[in-house]
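Trainee: Got a structure for you, written out below as structure tokens; questions coming shortly.
The values are calculated or read from the model by the stated rules, or taken from the named source; none is laboratory data. What you are looking at is a predicted structure, and each value in this text was computed from that prediction instead of being measured. With ideal geometry, Cβ positions are generated from the backbone for all residues, glycine too; neighbour counts draw on all protein chains shown.
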């Protein structure tokens with residue numbers, strides 16, 4: 001196992017929080033979530049104690065989760081704007097089409113160059129950039145990886161789109177690790193996505 005995958009596994013076990021799915025893994029030991037004090041007061045522990053990093057046999061459980069993993073985060077690369085969105089868009093200060101050029105410029109990448117790295121038809125990508133089509137979350141995550149965005153860059157675009165990182169999503173946890181650790185080698189990205197069977201990102 002490579003160092004990157006090992007670091008990703010540690011990060012994943014500490015952050016992934018789909019507790020329903022974790023608790024269903026064979027061999028998972030449900031921790032005590034309620035604590036009774038000496039005075040009889042009952043307090044509830046933070047649910048983060050249910051994450052894999054607290055499990056005695058965490059490596060085995062992670063291996064089992066990977067075996068059962070299937071990417072369910074598929075979506076199209078874009079969606080059409082609603083009537084109300086079309087009306088509001090010209091007045092929005094932080095829309096995707098206004099935030100994206102500034103972030104791309106900071107990385108010295110043009111919108112055209114960014115589109116060439118994505119598995120999206122150029123005619124649709126141009127409309128996404130102009131704001132006449134709305135990027136789905138998969139598109140934003142793929143864009144962040146192929147353009148070397150920081151986690152903060154990605155959060156800014158998420159804010160403009162109404163998205164956020166979801167720790168119940170295998171895809172989101174893995175991509176956030178890659179962004180935070182500045183892992184942008186195409187080979188390493190492919191290795192990490194493959195390790196967790198993430199196939200839905202439109203990356204060439």
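Trainee: Report, by residue number, each residue of segment 151-186 that is within 8 Å of the chain's Cα centre (by Cα) and assigned to a helix (DSSP H, G or I).
Mentor: 170, 171, 172, 173, 174, 175, 176
Trainee: With respect to residue 66, determine if the residue is in contact (Cβ under 8 Å) with a residue 40 or more places away in the chain and exposed (fewer than 15 other Cβ atoms within 10 Å of the Cβ). It would help to see each step written out before you state the result.
Mentor: Numbers: in contact (Cβ under 8 Å) with a residue 40 or more places away in the chain: yes; exposed (fewer than 15 other Cβ atoms within 10 Å of the Cβ): yes.
For residue 66, the condition - in contact (Cβ under 8 Å) with a residue 40 or more places away in the chain and exposed (fewer than 15 other Cβ atoms within 10 Å of the Cβ) - is met.
Trainee: Of these, 145, 141, which one is more than 30 Å from residue 24 (Cα to Cα), outside the structural domain of residue 22 (by TED's automatic domain parsing) and in a helix (DSSP H, G or I)?
Mentor: On the way: 141 fails: more than 30 Å from residue 24 (Cα to Cα).
Step by step, each of 145, 141 is checked, and only 145 is more than 30 Å from residue 24 (Cα to Cα), outside the structural domain of residue 22 (by TED's automatic domain parsing) and in a helix (DSSP H, G or I).
Trainee: Any idea which of 127, 102 is surrounded by 12 or more Cβ atoms within 10 Å (Cβ to Cβ), more than 15 Å from the chain's Cα centre (by Cα) and farther than 24 Å from residue 10 by Cα? Write out each step before concluding.
Mentor: Working: 102 fails: surrounded by 12 or more Cβ atoms within 10 Å (Cβ to Cβ).
Unique residue meeting the criteria: 127.
Trainee: Please enumerate the residues belonging to segment 154-173 that are touching a helix residue (DSSP H, G or I) at 6+ places or on another chain (Cβ under 6 Å) and more than 22 Å from residue 79 (Cα to Cα).
Mentor: Matches in segment 154-173: 167, 173.
Trainee: Looking at 114, 144 in this structure, which one is within 21 Å of the chain's Cα centre (by Cα) and either farther than 20 Å from residue 173 by Cα or exposed (fewer than 15 other Cβ atoms within 10 Å of the Cβ) (or both)?
Mentor: Answer to the check: 114.
Trainee: Could I ask something else about it? Whether any residue in segment 26-36 is crowded, with 16+ Cβ neighbours inside 10 Å and either within 30 Å of residue 162 (Cα to Cα) or touching a helix residue (DSSP H, G or I) at 6+ places or on another chain (Cβ under 7 Å) (or both) is what I want to check.
Mentor: At the first step, the residues of segment 26-36 found to be crowded, with 16+ Cβ neighbours inside 10 Å are 28.
So of that shortlist, the ones also either within 30 Å of residue 162 (Cα to Cα) or touching a helix residue (DSSP H, G or I) at 6+ places or on another chain (Cβ under 7 Å) (or both) come out as 28.
Taking every residue of segment 26-36 in turn, at least one turns out to be crowded, with 16+ Cβ neighbours inside 10 Å and either within 30 Å of residue 162 (Cα to Cα) or touching a helix residue (DSSP H, G or I) at 6+ places or on another chain (Cβ under 7 Å) (or both).
Trainee: Looking at 128, 109, 120, can you tell me which residue is in a loop (DSSP other than H, G, I, E, B), at pLDDT 95 or above and within 13 Å of residue 77 (Cα to Cα)? So that I can check it myself, show each step before the final result.
Mentor: Details: 128 fails: in a loop (DSSP other than H, G, I, E, B); 109 fails: within 13 Å of residue 77 (Cα to Cα).
Selected residue: 120, the only one of 128, 109, 120 that is in a loop (DSSP other than H, G, I, E, B), at pLDDT 95 or above and within 13 Å of residue 77 (Cα to Cα).
Trainee: Sort out which residues of segment 160-183 are modelled with pLDDT of 95 or more, over 16 Å from residue 65 (Cβ atoms) and surrounded by fewer than 20 Cβ atoms within 10 Å (Cβ to Cβ), and write them in order of number. Spell out the reasoning first.
Mentor: So in segment 160-183, the residues modelled with pLDDT of 95 or more come out as 163-183.
Retained after the next criterion (residues that are over 16 Å from residue 65 (Cβ atoms)): 163-166, 175-176, 178-183.
Result: 163, 164, 165, 166, 180, 181, 182, 183.
Trainee: Any idea which residue in segment 187-199 is nearest to the chain's Cα centre (by Cα), counting only those that are in contact (Cβ under 8 Å) with a residue 60 or more places away in the chain and not in a loop (DSSP other than H, G, I, E, B)?
Mentor: Filtering first and then ranking leaves 192.
Trainee: State whether the residues of segment 88-105 include one that is more than 24 Å from residue 154 (Cα to Cα) and either touching a strand residue (DSSP E or B) at 6+ places or on another chain (Cβ under 9 Å) or touching a residue at least 24 places away in the same chain (Cβ under 8 Å) (or both).
Mentor: Restricting attention to segment 88-105, the residues satisfying the condition of being more than 24 Å from residue 154 (Cα to Cα) are none.
Within segment 88-105, not a single residue is more than 24 Å from residue 154 (Cα to Cα) and either touching a strand residue (DSSP E or B) at 6+ places or on another chain (Cβ under 9 Å) or touching a residue at least 24 places away in the same chain (Cβ under 8 Å) (or both).
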